Amino acid sequence: MTEAPVNAGFAAESPDALPAETGEAVAAAEQATPGAILRRARQARGLSIADVVHVIRFSAHQIEALERDDYASLPGATSVRGLVRNYARFLKLDAAPLLTQLDPAVPVTEAEVRPPVNMGGAEQPTIGERVPSRIVAVAVAILLLALGAYWLATLPADNGLAGLWRGVAGGPAAPAPAGAAAPAAVPVVQPAPAVVAESPPPAAGEATGVPPQPGLRVEFDDRSWIEVRDATQKVVFVGEFPAGTLQNIEGKAPFQLWIGRASAVRVFMGERSIDLKPHTREDIARLSLE
């Protein structure tokens, strides 16, 4: 009698025997990822990756990583979401569904949006910085006059300085000693009123009471995201920040800046305001500052 092959019972478990619907479902899932949607939209517009890089100033590496859903090679969850949002806006797509799909793969954590450790928060001005210097000078002058008046008032009555002070102040003159000639009248010259120059009002956008800080300073008029690298190509500042945020950025110049929603961000290098418009495409600015 011929025996059946021992492994004949396992033929039905071969991967080739899986239903065709399973393979189709896997292929459909792969085509519905954010990267696949962005890639198809770009191809439908007849654009190459080089065309996209030329307009929105992303690097070719970043575009390729987005289209193959390789988020691990991109810098941080916040930056990934900003890349997807701006790439979708360039392709005239609704970014909300794509960002929703990113949540499981690229969750946003508190650490991702926190400024670098070496940046710190904006320091509160000291009392000396809040009070104008001219007011301090006037207060010191008044204090010195008061101390001088007190010292003269405590001199003995027969002292010439005391008599002069009492004559100026309108008080009773000290009696002259017997036989002494009357002192000559001393003309009193009234001091001219002090003229205090008014300080010019602060320019628009300038922080009042806080002197400008050297180095790189960024102010956010609305929510936006930014990435800054220094001369060592180290990321010294990255994140998405709300309106009203002010940050002083430390590092070694030249700085490379990459700013989303550039119209809502102001950049200062020392006391010099940097015009972002010449470096902005599709509301994304990319520039280098020394």
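Just for segment 234-270: of the residues that are of a type outside the set (Lys, Arg) and more than 15 Å from the chain's Cα centre (by Cα), which one is modelled with the highest pLDDT?
If we filter segment 234-270 for residues that are of a type outside the set (Lys, Arg), which is where we start, we get 235-251, 253-260, 262-265, 267-270.
Within this subset, residues satisfying the condition of being more than 15 Å from the chain's Cα centre (by Cα) are 253-254.
On the way: Ala253: 85, Pro254: 89.
My answer is Pro254.
When only residues in segment 77-132 that are of a type in the set (Gly, Ala, Ser) and at pLDDT 85 or above count, which is surrounded by the most Cβ atoms within 10 Å (Cβ to Cβ)? Please lay out each step first, then the result.
From segment 77-132, those of a type in the set (Gly, Ala, Ser) are 77, 79, 82, 88, 95-96, 105, 111, 120-122, 128; that's our starting set.
From what's left, at pLDDT 85 or above: 82, 88, 95-96.
Working: Gly82: 23, Ala88: 21, Ala95: 17, Ala96: 9.
The residue in question is Gly82.
Pairs only if they're at least six apart or on different chains, beta carbon under 8 angstrom, first in segment 52-68 and among the hydroxyl-bearing types (Ser, Thr, Tyr), second part of a helix (DSSP H, G or I); list them, first residue then second.
Pairs that qualify, where the first residue is among the hydroxyl-bearing types (Ser, Thr, Tyr) and the partner is part of a helix (DSSP H, G or I), are Ser59/Val53.
Could you list, in sequence order, all residues of segment 252-290 that are in contact with a Phe, Trp or Tyr (Cβ under 8 Å, 6 or more places away or on another chain), among the small types (Gly, Ala, Ser) and farther than 25 Å from Ala88 by Cβ?
Ser288
Any residue that is at pLDDT 85 or above and exposed (fewer than 11 other Cβ atoms within 10 Å of the Cβ) - is there at least one of those in segment 19-42? Full working, then the answer.
Kept after step one, since they are at pLDDT 85 or above, are these residues of segment 19-42: 33-42.
Among the residues that remain, those that are also exposed (fewer than 11 other Cβ atoms within 10 Å of the Cβ) are: none.
No: segment 19-42 contains no residue that is at pLDDT 85 or above and exposed (fewer than 11 other Cβ atoms within 10 Å of the Cβ).
Tell me, which residue of segment 217-250 that is polar (S, T, N, Q) and in contact (Cβ under 8 Å) with a residue 60 or more places away in the chain is nearest to Val265 (Cα to Cα)? Explain how you work it out, then say what you get.
So the first thing to find is which residues in segment 217-250 are polar (S, T, N, Q), and the list is 224, 232-233, 245, 247-248.
Narrowing the set further to residues that are in contact (Cβ under 8 Å) with a residue 60 or more places away in the chain leaves 247-248.
Numbers: Gln247: 11, Asn248: 14 Å.
Of everything passing the filter in segment 217-250, Gln247 is nearest to Val265 (Cα to Cα).
Restricting attention to segment 44-76, which residues are surrounded by 15 or more Cβ atoms within 10 Å (Cβ to Cβ) and assigned to a loop (DSSP other than H, G, I, E, B)?
Listed by number, the residues that qualify are Leu47, Arg57, Phe58, Asp69, Leu74, Gly76.
Just for strands (runs of 3 or more DSSP E) wholly inside segment 216-263: which have at least 1 residues that are of a type in the set (Ser, Thr, Tyr), assigned by TED's automatic domain parsing to the domain that holds Asp283 and surrounded by fewer than 21 Cβ atoms within 10 Å (Cβ to Cβ)?
On the way: elements: 216-220, 224-229, 235-241, 246-249, 255-260.
The strands (runs of 3 or more DSSP E) meeting that bar number zero.
The values are calculated or read from the model by the stated rules, or taken from the named source; none is laboratory data. Since the model is a prediction, treat every value here as computed from it, not as a measurement. Ideal geometry is used to build each Cβ from the backbone, glycine not excepted, and the neighbour counts take in all protein chains shown.
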